[in-house]
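For reference, the structure is listed below as structure tokens.
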Amino acid sequence: MSSQNEEMSLVFAGHVDHGKSTILGRMLADTDSLPEGKLEQVKENCRRNSKP
């Protein structure tokens, strides 16, 4: 596997409330692409608002 990072352009299209932001956030989290501390910040926000 190459150690070089390649750029990829993606377009997310869909109707409102069909999970576009959710899938993008999940992809960023699963690929460790979020800034340090961001995932913990989101989890804390969800905990405070009683959301899974």
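A few remarks follow.
- Residues that are in a helix (DSSP H, G or I) and either loosely packed, with under 10 Cβ neighbours inside 10 Å or in contact (Cβ under 8 Å) with a residue 12 or more places away in the chain (or both), drawn from region 1-24: LEU24
- Tally, over region 17-32, of residues that are more than 8 Å from the chain's Cα centre (by Cα) and either closer than 25 Å to ASN5 by Cα or of a type in the set (Asp, Glu) (or both): 4
- Residue check, PRO35 part of a loop (DSSP other than H, G, I, E, B) and in contact with a Cys (Cβ under 8 Å, 6 or more places away or on another chain): no
Throughout, read-outs are computed from the coordinates displayed, never taken from laboratory work. All values reported here derive from a predicted model rather than from experimental measurement. Virtual Cβ from ideal backbone geometry, glycine too; neighbours counted across all protein chains shown.
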